[in-house]
Structure formats: structure tokens, C-alpha cells
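Novice: Would you mind keeping the following structure in view while I ask a few things?
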Amino acid sequence: SSPQRYLPGFAPQGDDGDEDFNLSQTPTYSQVQRNLERRSQDQVNQKVSELVQFLLVKDQKKIPIRRADMLKKVIRGYKDVYSEIVNRAGRTLQQVFGLQLVEIDTKHHIYILTSNLPRAEGENLHRDNQTAKLGLLIVILSFIFMKGNSAKDSTVWEFLRRLRVHPGERHEVFGDVKKLVTEEFVRQKYLEITPIPLTDPPEFKYQWGPRAAKETSKKDVLRFVAKV
């Protein structure tokens, strides 16, 4: 397999030092791999997904991200595989959202997310747009899944706003986001949007559509969000 590229400040010992990290012993790369084998992959993927959401929320508020907060608030009992979780989350942010986790203070291990979407033209732009739409769809499906297979429209849009995707604004990649989500994804049978009875003003719930259920599994969605 190809050698791992670790984010600055998140490499196991032997890759990047990291002597001042406050664990009784910072695990080496081989120890991390052994620890991973003892862990349920679904649980590790869930942690990656939680960390991606945590980082996006912090970024939306423009709050610098402390490594100590990632460990305390998200990684918790998974410190023995923390480097793997953070690096998978970093790759997901890069591949799905075009965001990079950058260390701005090496002494106190403080990070920010920066945008690094490449400028594409012609056919590449079309392909990149399709990939981005798929990424957005998978993110929505994963959000619904983590909300217990059903999510109110207000919570879906609140979540998307955290990703800098606003229903009332034209997005440079997705175009008319509201139309994409409520019409195109519904027409393609990836999403089902149904009214919630006795709500005034009317509210709607979002669920997986039949195509989503047929083409992918809940496990696949978690694996995608935590993709390597």
C-alpha cells in the first residue's frame, strides 16, 4: 500500500516526532495500524464523520481549531488511533469540499480550514461539478442517516449552511442549490421529501429515496464520509 501522508502535528512517532503531545505515549505508525485492527471500522468511520462535521462547524464560525478540542470533544476514547482519524477526516475535507486542514500555530497546535478548490475548465469543470454534486448528495444522505434515517428540512438546510451552501444563493459549483436538492435529487429518486402532518407553517421530512437505498448501503455512506 502507498505510504501514509500525515497532516502536520498528527503524525505518529517516527513520522513527524510530535514529542510534546500530551499522551502517556504517542503511538508509532505500526502501533496505530495494530490499534486500528482491534477497532470496529464502522466506529472509526463514525468518528471520522463526526470530526468532519465538527471541523466544518468551527470553520463556519471562523474559529481556529485547537487539536486539544478535537481530542476532547470528538476523538475521546479513540486516542490510540487519533492520527488515522484526523488524516482520514483531512482527506475527506480535501476530496469532497476542497478544504485543507492547515496548522497555523505549531507550538499550540492550532488549525484552520482553507479553500483549495482548483480552477477547472471545459470538460474537467463539468466532471468536477458532477463529482461535487455526488459529494453533496452523499453528505446529505449521511446527515439523514445519522439523524435516524429521517431529518426535518430545517435541520438539513441548517447543516448545509455550515458547509457554506445556502438555499437562497446561487452556488458557484452547484448552481441553484434548492432546485438541485428538492427537485433534481428527488426526481432522480435519491431523496424523498414528504410533508409532516399538522405542521403550520408546513414542515417537511427528508429520507433516502429508493435509488439511494438500492445503489448504496448505510455502511457505504459512512465509508464514503470517512473515505481514505
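Novice: Could you give every pair whose Cβ atoms fall below 6 Å, whose first residue belongs to the range 62-75 and is buried (at least 16 other Cβ atoms within 10 Å of the Cβ), and whose second residue is of a type in the set (D, E), counting only separations of at least 6 or pairs across chains?
Specialist: Hits for this filter: V74/E50.
Novice: Now, a different point. Could you tell me which of the residues V102, V81 is farther than 25 Å from M146 by Cβ and at pLDDT 80 or above?
Specialist: None of the others qualify; the one that does is V102.
Novice: Next question, about the same structure. Filter the range 157-190 down to residues that are hydrophobic (A, V, I, L, M, F, W, C) and more than 19 Å from the chain's Cα centre (by Cα) and give me whichever is surrounded by the most Cβ atoms within 10 Å (Cβ to Cβ).
Specialist: My answer is F185.
Novice: Kindly provide the set of residues from the range 63-107 that are closer than 24 Å to L137 by Cα and of a type in the set (K, R), ordered by number.
Specialist: Correct list: R88, R91.
The values are calculated or read from the model by the stated rules, or taken from the named source; none is laboratory data. Computed from a predicted model, the values in this text were never measured in an experiment. Heads up, the Cβs are rebuilt from the backbone with ideal geometry, glycines too, and the neighbour counts pull from every protein chain shown.
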